[in-house]
Amino acid sequence: MFQPLENVRPFLKMAFQGFAGDGKTFTATQVAIGLHKSIQSTKPIAILDTEAASKALVPLFKKAGIKAVVSENRSLAALNEAIKWCEQGNADILLIDSISHVWEEFVEAYKNSKKYNKTFLEFADWGVIKPRWKREFSTPFIKAKVHIIFTGRAGYTYDFTETQDGASGRVKKEIQKSGYKMKAEGETAFEPDLLVMMEKHEDLLNESKKIWRVATILKDRTNSIDGESFKNPTFETFKPAIDLLLDGVCKSLKNDGLEDVFQHENDNLENRRERDICINEIKGCFELCKLGTGKEEKGYIAAMLKSFFGVTSIESVEKMPLDKVKFGLSDIRAVADRYELYLKECDVKGIPFEIKQIALYVKEQLGDLPM
């Protein structure tokens, strides 16, 4: 179960946050260029540009003599594809500018999807959005075998403060700024190994009129530069921490496959009977769709189970909580109803049906949210 402690993921995961003009993109690009030279990469640096502003970086890459490739896209699906593209050997370094737009696009995709169709978000919606963001961004980001640097826009955090009016003696509550946070899912800023806050400083009242940027290390897992501040930072500024993070050999740890199993108190005999009924209805939907035991048909069954339950076998569905089984069953029923109408239409017209039509109905049922 236990193995010797060593760095088996020697990849830089770094983030910069700040307000407009604070130097996030410029400094992140400097780090990407410095890292490229440090690891002696011969591949281009990949940029996922959500702001359509990467043209301003052309002089930096020309001066460094490094090729860069760019994709202008804001979707989480595109980000995941970018990570996969890099891991396939096309690039060693991925720069995401900025993650804030990817998060905003992801939330909008949820609101506008056919399945949810929300004009505004309720508390319960975050129970869907946040776990999926962690599954679709946080986990791939952490496990990616590629160096990833991303920027994020900063926003203020607010707290209530109480003040007493001198004349009336009444206590008044006022909202005041209490700090900063990255404009993204609440825990996104905690995922990288290095988190940097960029701030712009200026002295425009004196004759010299100076403007400079300061980088403050909000988080450093190596603890080598944690909490320190640096004026007009470069790659060398962060190199002590980066060298420690890259000091290792990439390899997989053995996984004993131990999983947590939750025993629900209400999972009594009555619930098990109701689950059995739901499982039989799921199987009935497959029969309604004329999905038998052929190789192609079994593939469609597995794909539908994967889409609506996250597993590929009916035996795995049988072990799920009743509420999750019911939720997935409602989606499968909707697909089966539509496919049944399609089969009847084909029969009336005397034309052969195409089994791949099921995939279209599954996609429509899931909506537009990236899966």
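The values are calculated or read from the model by the stated rules, or taken from the named source; none is laboratory data. Since this is a predicted model, take the numbers as computed values, not measurements. Positions of Cβ are generated from backbone atoms using ideal geometry, with glycine treated the same way; all protein chains shown enter the neighbour counts.
Summary of computed values
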{"item": "Qualifying residue in region 186-194 (condition: in a helix (DSSP H, G or I), among the charged types (D, E, K, R) and touching a residue at least 12 places away in the same chain (Cβ under 8 Å))", "result": "no"}
{"item": "Considering residues of region 11-31 that are over 21 Å from the mean Cα position of the chain (by Cα) and of a type outside the set (Phe, Trp, Tyr) only, the residue surrounded by the most Cβ atoms within 10 Å (Cβ to Cβ)", "result": "VAL31"}
{"item": "LEU341 being buried (at least 16 other Cβ atoms within 10 Å of the Cβ) and at pLDDT 85 or above", "result": "no"}
{"item": "Subset of region 87-130 that is of a type in the set (D, E, K, R) and more than 18 Å from the chain's Cα centre (by Cα) - its residue that is surrounded by the most Cβ atoms within 10 Å (Cβ to Cβ)", "result": "ASP92"}
{"item": "Test result for LEU48, touching a strand residue (DSSP E or B) at 6+ places or on another chain (Cβ under 6 Å) and either buried (at least 18 other Cβ atoms within 10 Å of the Cβ) or not aromatic (Phe, Trp, Tyr) (or both)", "result": "yes"}
{"item": "Within region 344-359, considering residues that are among the aliphatic types (A, V, I, L, M) and assigned to a helix (DSSP H, G or I), the one surrounded by the fewest Cβ atoms within 10 Å (Cβ to Cβ)", "result": "VAL348"}
{"item": "Selected residue (criterion: modelled with the highest pLDDT) from residues of region 265-294 that are among the basic types (Lys, Arg) and either part of a loop (DSSP other than H, G, I, E, B) or within 34 Å of the chain's Cα centre (by Cα) (or both)", "result": "LYS283"}
{"item": "Residue ID - nearest to PHE16 (Cα to Cα), chosen from residues in region 199-211 that are assigned to a strand (DSSP E or B) and either modelled with pLDDT under 85 or in contact with a Lys or Arg (Cβ under 6 Å, 6 or more places away or on another chain) (or both)", "result": "LYS200"}
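A quick yes/no check of all residues on (1) more than 25 Å from ALA154 (Cβ to Cβ); (2) free of Cβ contacts under 8 Å to residues at least 40 places away in the same chain; (3) assigned to a loop (DSSP other than H, G, I, E, B); (4) touching a Gly at 6+ places or on another chain (Cβ under 6 Å):
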{"site": "GLY34", "(1), (2), (3), (4)": "no, no, no, no"}
{"site": "SER41", "(1), (2), (3), (4)": "yes, no, yes, no"}
{"site": "ALA46", "(1), (2), (3), (4)": "no, no, no, no"}
{"site": "ALA77", "(1), (2), (3), (4)": "yes, no, no, no"}
{"site": "ALA82", "(1), (2), (3), (4)": "no, yes, no, no"}
{"site": "LEU95", "(1), (2), (3), (4)": "no, no, no, no"}
{"site": "TRP103", "(1), (2), (3), (4)": "no, no, no, no"}
{"site": "VAL107", "(1), (2), (3), (4)": "no, yes, no, no"}
